Amino acid sequence: MKTHEYQAKQIFSSYGIPVEKHILCFTAEDAVKAYDGLDTETVVVKAQVLSGGRGKAGGVKLARNKEEVVFYADSILSMKIKELPVKKILISEAVQIDSEYYVGFTIDRNSKSVILMLSREGGVDIETVASETPEKIYRFTIEPFVGMPDYLAKKIAFTLFKESTQVNSMAKILKSLYQVFIEKDASLAEINPLVLTKENRLVAIDAKMTFDDNALYRQTEILAFFEPTEDEKIESSAKEKGFSFVKMDGDIGCMVNGAGLAMATMDMIKLYGGNPANFLDIGGSSNPDKVIEGMRLLLNDKRVKVVLINIFGGITRCDDVANGLLTAFQKIESDIPVIVRLTGTNEKKGRDLLRNTRFIVAETMGEATRLAVGSSKN
Ligand code: GDP
Ligand code: MN
């Protein structure tokens, strides 16, 4: 799960990580009130969207007076950043930047541990730094049973700083950021940039946290921040109905029993040059209600041009599935092509039931996939 900068800053603050004063706003009028409230000359108007790269997209602007606040608030609130409409902005006290650093904890699958990444080249170009000059990013693997004790935090802080007050505040930030990362079940806790101000203070002027979805059941404070996208809303309602469903952007709707077969089906579609619209595991039942619900999910997606049903009959018998499909499609009004591949127990019986009906029957997965891909291209 992703969070907004203002939400991550709220969490950071509660762990003692220094952030500038900021106020969340929804309109330009709010922004003016916030500007007056902050009682400072220069503020930063910042888009709050669940995406990075706001600065580069024009979603972060310095405003030096009321007129500029109104102008930038209005223009940023009417922007889209990476397709996401900006509905909230942050009015934040501006800082005088001396230098910008990158600090982030994340999970590294290669070392199977939490890693800390640091760089002197923080700011909006960190991706370029990472790809073109990776040696400018320092990486530290964190031992889970050691964590981030004082001595280690200080030792690491020396990578970026020499002066003792800077080293001490950096060490404090590292300890707090690690603590927040662990305690909140985060998959990313990032400050980019962490700035050294002209007054020699270290401040997190940006904050980014993402969380492990599987831990949200025990992170109620974080879950309260959840703002599902349209696709996520569909996925979670599918979950409530007992489906395992992931939306994708292709045009072949897939209905499969078993997660492994569902993944293999998607691979096969790709192999034959098509694009799956979704991953859908309907589980091991031939229940017509489940088929109806599943089809509803697929047909709600207007991009779906063809449906591929791929069933392996193990405990579920193929003739039961075929009867389930026939019953279900009495209630489904759609002339979309539906290709069915049944294999396993009673497969022949199942296929025979579906012949000369609205279904297109295939025997092998290859045949079914070719038919689906072909039909999606017409
Ligand atoms: P991002 O582009 O989405 O990562 O947004 P950031 O919050 O990181 O802001 C992008 C850039 O705007 C930063 O790297 C800074 O260079 C600049 N910026 C943000 N806040 C301030 C500020 O208070 N003062 C100054 N001078 N620049 C700022
Ligand atoms: Mn940033």
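What whole-number distance in Å separates the alpha-carbon centres of the stretch 333-351 and the stretch 42-104? That distance is 53 Å. All distinct Cα pairs of the stretch 252-373 go into the 1/r average, and the inverse of that average, the Kirkwood radius, is 13.8 Å. Based on the Cα atoms of the stretch 231-286, what semi-axes does the equivalent ellipsoid have, where each is the square root of 5 times one gyration tensor eigenvalue, given in whole Å with the largest first? For the stretch 231-286, the ellipsoid semi-axes come out as 19, 14, 7 Å. Eigenvalues of the alpha-carbon gyration tensor of the stretch 103-164, scaled by 5 and square-rooted, set the equivalent ellipsoid semi-axes at 21, 17, 8 angstrom, largest first.
Considering the convex hull of the alpha carbon atoms of the stretch 284-347, report its projected area averaged over all viewing directions, in nm², one decimal.
Answer in nm², one decimal: 3.9.
A DSSP coil position with no more than 16 other Cβ atoms inside 10 Å describes the following trypsin sites (Lys or Arg not before Pro) in the stretch 292-370: Lys302, Arg303, Lys331, Arg355, Arg358. Sparse packing (at most 14 other Cβ atoms within 10 Å of the Cβ) combined with a DSSP loop state is found for the following chymotrypsin sites (Phe, Trp or Tyr not before Pro) in the stretch 1-99: Phe26. Computed over the stretch 1-106, the quotient of the alpha carbon radius of gyration and 2.2 N^0.38 Å is 1.04. Take the Cα radius of gyration of the stretch 141-181 and divide it by 2.2 N^0.38 Å, N being the number of residues; the result is 1.09.
Within the stretch 174-256, the chymotrypsin sites (Phe, Trp or Tyr not before Pro) that combine a DSSP coil assignment with at most 15 other C-beta atoms in a 10 angstrom radius are Phe226. Of Asn300, Ser14, Ala189, whose Cα points farthest to the positive end of the dipole of the chain (charges on the beta-carbon: +1 Lys, Arg; -1 Asp, Glu; origin at the Cα centre)? Of the options given, the answer is Asn300.
For the chain, how big is the tail of P(r) above 35 Å, as a whole percent of Cα pairs? Distances greater than 35 Å cover 44 percent of the Cα pairs.
Magnitude of the charge dipole for the stretch 1-151, about its Cα centre and with charges confined to Cβ atoms of Lys, Arg (+1) and Asp, Glu (-1), is about 560 debye. Distance between the C-alpha centers of the stretch 162-181 and the stretch 216-257? Whole Å please. Taking the Cα centre of each part, the stretch 162-181 and the stretch 216-257 sit 37 Å apart.
Under the rule of -39500 (n - 2.57) per DSSP H run of 4 or more residues, summed and divided by the residues of the chain, what mean residue ellipticity at 222 nm is obtained, to the nearest 500 deg cm²/dmol?
That comes out to -11500 deg cm²/dmol.
Note on the stretch 182-292: Cα-only Rg and Dmax are 20.2, 69 Å.
Every read-out reported here was derived from the displayed coordinates using simple, explicitly stated rules and does not represent laboratory data. Small disclaimer: the values here were computed from a predicted structure and weren't measured. In this analysis, Cβ positions are derived from the backbone assuming ideal geometry, glycine residues included, and neighbour counts consider all displayed protein chains.
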